Amino acid sequence: FNGGGHINHSIFWEVLSPKGGGAPKGDLMNLIRDNYGSFDEMKAELSQASVGIQGSGWGWLGWNQANGRLQIATCANQDPLQATTGLVPLFGIDVWEHAYYLQ
């Protein structure tokens, strides 16, 4: 549990942007278009999967090395994406009550 929390949050802090994000460029954007049609569609699917988590967990955009495609997945609690699904984590959404309960 604690190891998974460390892994997940280490990835989470690394992908944040001090300039506010926006659409990716280059190879990642090409993969998103190939796999989801558009950046907005990928965001919608990732958001829908993440809000569907019962309790606490993580929503992820991962890389499936077996089929060479991006894949959206969720993990319960602090389960790390790669260890539980085999997907390489690219971007994670923290869906824990401390991330949203005051809103």
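Of note:
- Every pair of residues 6+ apart whose Cβ atoms lie under 7 Å, when the first sits in the range 46-58 and is within 15 Å of P80 (Cβ to Cβ) while the second is not in a strand (DSSP E or B): S56/N77; S56/W96; S56/E97; G57/N77; W58/N8
- Helices (runs of 4 or more DSSP H) completely within the chain that count 1 or more residues being of a type in the set (V, I, T) and open to solvent by 30 Å² or more (accessible area, probe 1.4 Å): 2-15, 39-51, 81-85
- Test: residue in the range 15-29 that is within 13 Å of the chain's Cα centre (by Cα) and of a type outside the set (S, T, Y): yes
- Residue selected from the range 61-96 under the condition without any contact (Cβ under 8 Å) to a residue 24 or more places away in the chain and of a type in the set (G, A, S), by the criterion farthest from G21 (Cα to Cα): A66
- The range 72-103, subset small (G, A, S) and at pLDDT 95 or above, residue nearest to the chain's Cα centre (by Cα): A73
The values are calculated or read from the model by the stated rules, or taken from the named source; none is laboratory data. If you're wondering where the values come from, they're calculated on a predicted model, not measured in any experiment. When we count neighbours, we look across all protein chains shown, and the Cβ atoms used for this are built from the backbone with ideal geometry, even at glycine. Keep in mind that these areas ignore ligands, DNA and RNA; they rest on the heavy atoms of the full protein, side chains included. Shrake-Rupley method; radii C 1.70, N 1.55, O 1.52, S 1.80 Å.
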